[in-house]
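The values are calculated or read from the model by the stated rules, or taken from the named source; none is laboratory data. Please read these numbers as outputs of a predicted model, since none were measured by experiment. Every residue, glycine as well, gets a Cβ built from its backbone with ideal geometry; the counts of neighbours run over all protein chains shown.
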Amino acid sequence: MSDSMFLALAGGVLAALLVTLVLGLIRPRPEPAAGASAYKSTPFISDLSQDLAEAGIALSPQRYIGYSVALGLFVGLGIELAFHLEILALAIGLGLGIFGLRIFYVSRLADARRRTQMNHIITASREIASLIHAGNGPDAALELYSGQATSKGVESLTREHNQIAEAIALALQMVATKGLDLAEALRESADRLGNRYYRGMVEVYIRNASLDKAQVEKSLLFYAEGVNHTLVLRRSLANVLGLPLASYKGMGMLCPALAIYMILNLQQAADFWLSYAGQLTALGLFGYWWIGYWLQHRPLNERD
């Protein structure tokens with residue numbers, strides 16, 4: 001193993017250890033004692049936990065980071081062995097492990113899953129309100145709507161499972177099998193689903209179910225309109241920003257392609273871009289591009 005390769009690998013391992021120390025990944029997570037407060041996570045871990053839940057990935061944030069950092073270091077080592085680009089190999093490996101996998105896989109999966117669930121939340125709120133308006137009690141309306149979890153409707157054609165009906169059916173099942181009251185069961189189903197808007201729907205139902213049927217009906221209809229308004233605004237914003245973002249991403253792919261072409265065809269360009277100065281320049285240019293992309297994409301962030 002060459003000295004440069006050894007230094008790159010050692011630097012990657014040290015950087016990974018630094019990340020795990022900062023995030024508290026190599027320390028065992030203490031079990032809270034009886035009556036003690038729950039484990040307090042950092043904002044980074046809390047946000048990642050919410051992303052994983054909304055994406056439907058059954059991993060703890062600490063274990064996910066461990067896997068992703070290991071994958072990033074493996075990719076970085078592969079780049080170093082193939083191209084002998086120590087600085088870029090380390091940067092790409094750590095960037096992929098810490099940020100890339102989350103941005104390009106977890107967040108995209110969470111966004112797509114959240115939009116589908118939001119559509120079902122709007123429909124669920126309206127249909128449960130309609131069932132209450134037809135003379136059913138709030139609990140009976142929930143049970144009737146939960147039947148859509150097993151029925152073959154539009155979801156069987158679009159391949160979009162009605163996860164809201166499934167969550168409500170799970171809550172009713174926990175009431176029957178675990179002896180939980182309905183409020184506890186609905187909140188537990190919201191925790192498992194991980195969707196903040198379903199959690200909001202559950203809280204609207206719980207807070208108004210003790211009043212009267214008319215109040216539950218009105219509250220659910222009002223909540224449905226609020227979620228629908230949010231969804232429409234986000235779709236409009238995505239349409240407005242779609243073309244500028246596509247152009248910016250196109251430039252982000254064109255510039256590396258041009259650099260690779262120059263490396264393959266011009267010896268002077270190859271000597272520069274493959275040197276330490278060239279690699280640092282490439283990282284600086286990427287950082288400049290990423291800041292611009294982040295500023296343009298920030299309005300589309302769906303986190304509350």
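Evaluate region 193-205: report whether one residue or more is part of a helix (DSSP H, G or I), farther than 20 Å from Gln148 by Cβ and over 23 Å from the mean Cα position of the chain (by Cα).
No, there is no match, as no residue in region 193-205 is part of a helix (DSSP H, G or I), farther than 20 Å from Gln148 by Cβ and over 23 Å from the mean Cα position of the chain (by Cα).
Among the hydrophobic types (A, V, I, L, M, F, W, C), in a helix (DSSP H, G or I) and touching a Lys or Arg at 6+ places or on another chain (Cβ under 7 Å): does that describe Ala257?
No.
Taking into account only those residues within region 209-251 that are polar (S, T, N, Q) and free of Cβ contacts under 8 Å to residues at least 12 places away in the same chain, which is nearest to Arg126 (Cα to Cα)?
Within region 209-251, the match that is nearest to Arg126 (Cα to Cα) is Gln215.
Anything in region 267-304 that is surrounded by 14 or more Cβ atoms within 10 Å (Cβ to Cβ), of a type in the set (Gly, Ala, Ser) and free of Cβ contacts under 8 Å to residues at least 24 places away in the same chain? List them, or say none.
Answer for region 267-304, where residues must be surrounded by 14 or more Cβ atoms within 10 Å (Cβ to Cβ), of a type in the set (Gly, Ala, Ser) and free of Cβ contacts under 8 Å to residues at least 24 places away in the same chain: Ala269, Ala270, Gly278.
Among the candidates Ala129, Ala190, Ala176, single out the residue that is assigned to a helix (DSSP H, G or I), modelled with pLDDT under 95 and surrounded by 17 or more Cβ atoms within 10 Å (Cβ to Cβ).
Ala190
Within 20 Å of Ala91 (Cα to Cα), in contact with a Gly (Cβ under 8 Å, 6 or more places away or on another chain), part of a helix (DSSP H, G or I) and among the hydrophobic types (A, V, I, L, M, F, W, C): does that describe Phe272?
yes
Okay, residues lined up against (1) of a type outside the set (Val, Ile, Thr); (2) surrounded by fewer than 17 Cβ atoms within 10 Å (Cβ to Cβ); (3) more than 9 Å from the chain's Cα centre (by Cα):
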residue: Glu54; (1), (2), (3): yes, no, no
residue: Tyr64; (1), (2), (3): yes, no, yes
residue: Ala70; (1), (2), (3): yes, yes, yes
residue: Val75; (1), (2), (3): no, no, yes
residue: Ala82; (1), (2), (3): yes, yes, yes
residue: Ala89; (1), (2), (3): yes, no, yes
residue: Ile98; (1), (2), (3): no, no, yes
residue: Ile103; (1), (2), (3): no, yes, no
residue: Ala110; (1), (2), (3): yes, no, no
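Sort out which residues of region 17-52 are of a type in the set (A, V, I, L, M) and either at pLDDT below 80 or surrounded by fewer than 17 Cβ atoms within 10 Å (Cβ to Cβ) (or both), and write them in order of number.
Leu17, Leu18, Val19, Leu21, Val22, Leu23, Leu25, Ile26, Ala33, Ala34, Ala36, Ala38
Which of the following residues is under 22 Å from the mean Cα position of the chain (by Cα), at pLDDT below 95 and in a helix (DSSP H, G or I): Leu157, Leu233?
Unique residue meeting the criteria: Leu233.
Of the residues that make up region 147-168, is at least one among the charged types (D, E, K, R) and in contact (Cβ under 8 Å) with a residue 60 or more places away in the chain?
Checked against the condition, which is being among the charged types (D, E, K, R) and in contact (Cβ under 8 Å) with a residue 60 or more places away in the chain, region 147-168 yields no hits at all.
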